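Have a look at the structure below, then the notes.
The values are calculated or read from the model by the stated rules, or taken from the named source; none is laboratory data. Note that this is a predicted model, so its numbers are computed, not measured. Backbone-built Cβ (ideal geometry, glycine too); neighbour counts: all protein chains shown.
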Ligand code: ME8
């Protein structure tokens, strides 16, 4: 009999796929980093995990953006898709797949899905052809009902236009013959699903918005565009006058990389990676993922993703950072300025699922100085302090622990040292459980705070116990006390290092390497006090200057 851990399919996590109408910004980077951190969290818990990201390349918005540049759409997409691929690489995103909706395997998956919708369903639940008129927003790539648009005036020109209430983007009136998906026929099934899975969306209050929409706003969905208006897209395989709506095309990307339409075709087959365990999205695309997507999957009797994580937006001067507004931060510059890990750290520390977040170099600078340099950097530096390092070592400290020298010692000094340890001890005992609880509910900011409370407490402990004085005393007993202090501090660093791996993969690895932690002991099961008693490095020979440089560069001085 095999254990559940070995038979479980890999954890499958996705980012949205990014529109290629313009270059990536910090909001996109945040999406990728959040997803990557949650993937790596699964991995250090011993679970195999797969991450899919990519680009969304069809539709009116891209068609127009390419035309504006005087380029062929495909050529335009090649250039811009590459920028997102490069961004993932430069931010150390461990994506297993990078999908493009212009990939042949994806087009195949969409055509297969489409033909099922059209021909594989009972009459009332399948597609029907009809005439459609309404307000279409190219920027948001969707129709809005009458009560979701209002008149507005372009300040520069005084021109009267209609705009979406939600996004303020311009809408245009269109009337056309298209295929419809009978979304309203899925209302009861959707509501039942939400009832039975109240935790499906994180954060929970988003479920109310979704439910409200389904109860009051649901309309059948026009899911093709006449080729005369939209040619850049996947054609309906048996109606060459129609192009498949970009959102239907885009949502199916999550299935493509799970093997749909190539390795499996229906829920009676082995579905490989499907269903996704978690789909990370921004709040502006909630409706597509929480209503349209489950309804489309229900239509084909495919399992729904197990969860949606909906994050808020990064703002610049109080407005959503957005390609169309032009108030964006170039993520490549940000990576260059702050280095990958500090930037990942900041995004995970300040990201939120309940309010929009402000992005500024001042905020990053102060998080860098306060947390990374003064807290973790300082502790790291102290444990291997240049002037005294040659006189103590984590290896000796861990050995002392293993032999039980301190534990079996009886003296007043021992009791005094032990007493100072009590408060740190509480943190050491609870940090991993507390951190795990936050990460399992995707709250990276709260998880990070748990670690930094531990590190702050450890710095306080070192200040209290003054190892630099203990080291001066030649008594063997004092040596044991010293090693006990170093060991407890090293334990805090080791545990923090293990837990920080998903957030700052490079820095955490550097830290664990310097502590001499074996690569096979860097999973969460080892992140408990005393769980590893075989690590540590020798006192470092070499000049003070050399050593100083080494430790200092863990978090080098802030760029100005
Ligand atoms: O919506 N802060 O693509 P997209 C945080 N192609 N996140 C932000 C943001 C900001 N300022 N601006 C955008 C699309 N995002 C579709 C998705 S999925 C099948 C198709 C997030 O490039 C946004 O919320 O406009 C979304 O989750 C993602 O970036 C992609 O946005």
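If you go through the stretch 102-131 and keep only what is within 29 Å of the chain's Cα centre (by Cα) and either assigned to a helix (DSSP H, G or I) or at positive phi (or both), you end up with 104, 105, 106, 107, 108, 109, 110, 113.
For residue 142, the requirement of being in contact with a helix residue (DSSP H, G or I) (Cβ under 9 Å, 6 or more places away or on another chain) and closer than 29 Å to residue 326 by Cα is met. Going through 423, 411 one at a time, which residue ends up being at pLDDT below 90, surrounded by fewer than 19 Cβ atoms within 10 Å (Cβ to Cβ) and either within 26 Å of residue 477 (Cα to Cα) or more than 32 Å from the chain's Cα centre (by Cα) (or both)? Unique residue meeting the criteria: 411.
The criterion of at least 3 residues that are under 21 Å from residue 59 (Cα atoms) and within 16 Å of the ligand (Cβ to nearest atom) is met by the following helices (runs of 4 or more DSSP H) wholly inside the stretch 202-280: 246-251, 253-256.
For residue 117, the test of being touching a helix residue (DSSP H, G or I) at 6+ places or on another chain (Cβ under 7 Å), over 20 Å from residue 287 (Cβ atoms) and in contact (Cβ under 8 Å) with a residue 24 or more places away in the chain is failed.
The residue pairs whose first member lies in the stretch 132-145 and is at negative phi, whose second member is modelled with pLDDT under 90 and within 10 Å of the ligand (Cβ to nearest atom), and whose beta carbons are closer than 7 Å, counting only pairs six or more residues apart or on different chains, are 139/324.
Give the residue that is modelled with the highest pLDDT, with candidates limited to residues of the stretch 308-324 that are within 6 Å of the ligand (Cβ to nearest atom), assigned to a loop (DSSP other than H, G, I, E, B) and closer than 19 Å to residue 364 by Cβ. Here the answer is 313.
Summed over the stretch 32-71, the residues that are in contact with a helix residue (DSSP H, G or I) (Cβ under 9 Å, 6 or more places away or on another chain) and closer than 17 Å to residue 8 by Cβ give a count of 10.
Considering 203, 237, the condition of being under 20 Å from residue 110 (Cβ atoms), touching a residue at least 40 places away in the same chain (Cβ under 8 Å) and surrounded by fewer than 22 Cβ atoms within 10 Å (Cβ to Cβ) is satisfied by 237 alone.
Listed conditions (1) over 30 Å from residue 210 (Cα atoms); (2) surrounded by 18 or more Cβ atoms within 10 Å (Cβ to Cβ); (3) touching a strand residue (DSSP E or B) at 6+ places or on another chain (Cβ under 8 Å) are all met by residue 307, apart from (1). Residue 354 fulfils the conditions (1) surrounded by fewer than 21 Cβ atoms within 10 Å (Cβ to Cβ); (2) part of a helix (DSSP H, G or I) except for a single criterion, (2). Restricting attention to the stretch 53-76, the residues being surrounded by fewer than 24 Cβ atoms within 10 Å (Cβ to Cβ) and under 17 Å from the mean Cα position of the chain (by Cα) number 0.
Being more than 13 Å from the ligand (Cβ to nearest atom) and surrounded by 20 or more Cβ atoms within 10 Å (Cβ to Cβ) is a property that residue 337 lacks. Just to be sure, is residue 327 without any contact (Cβ under 8 Å) to a residue 60 or more places away in the chain, within 29 Å of residue 169 (Cβ to Cβ) and within 8 Å of the ligand (Cβ to nearest atom)? No, not satisfied. Flag not set for residue 151, criterion: surrounded by fewer than 17 Cβ atoms within 10 Å (Cβ to Cβ) and part of a loop (DSSP other than H, G, I, E, B). List the residue pairs whose Cβ atoms are under 8 Å apart, where the first residue sits in the stretch 8-36 and is farther than 24 Å from residue 249 by Cβ, the second is assigned to a strand (DSSP E or B) and more than 8 Å from the ligand (Cβ to nearest atom), and the two are 6 or more positions apart or on different chains. Going by the 8 Å Cβ cut-off, the qualifying pairs are 10/49; 10/50; 11/49; 11/50; 11/278; 34/309; 36/51. Scanning the stretch 172-194 for residues that are under 11 Å from residue 223 (Cα atoms) and either part of a helix (DSSP H, G or I) or free of Cβ contacts under 8 Å to residues at least 12 places away in the same chain (or both) gives a single hit, 183. Screening the stretch 1-99 for helices (runs of 4 or more DSSP H) wholly inside it with 1 or more residues that are more than 13 Å from the ligand (Cβ to nearest atom) and at pLDDT below 95 returns the ranges 4-7, 60-68. Of the residues that sit in the stretch 340-359 and are within 11 Å of the ligand (Cβ to nearest atom) and within 21 Å of residue 435 (Cβ to Cβ), which one is farthest from the chain's Cα centre (by Cα)? Of everything passing the filter in the stretch 340-359, 352 is farthest from the chain's Cα centre (by Cα).
As a summary of the residue check, residue 301 satisfies the conditions (1) away from the ligand (no atom under 12 Å from the Cβ); (2) outside any loop (DSSP other than H, G, I, E, B) except for the one numbered (2). Return the total of residues in the stretch 416-449 being within 22 Å of residue 312 (Cβ to Cβ) and assigned to a helix (DSSP H, G or I). Looking only at that region, the number is 10.
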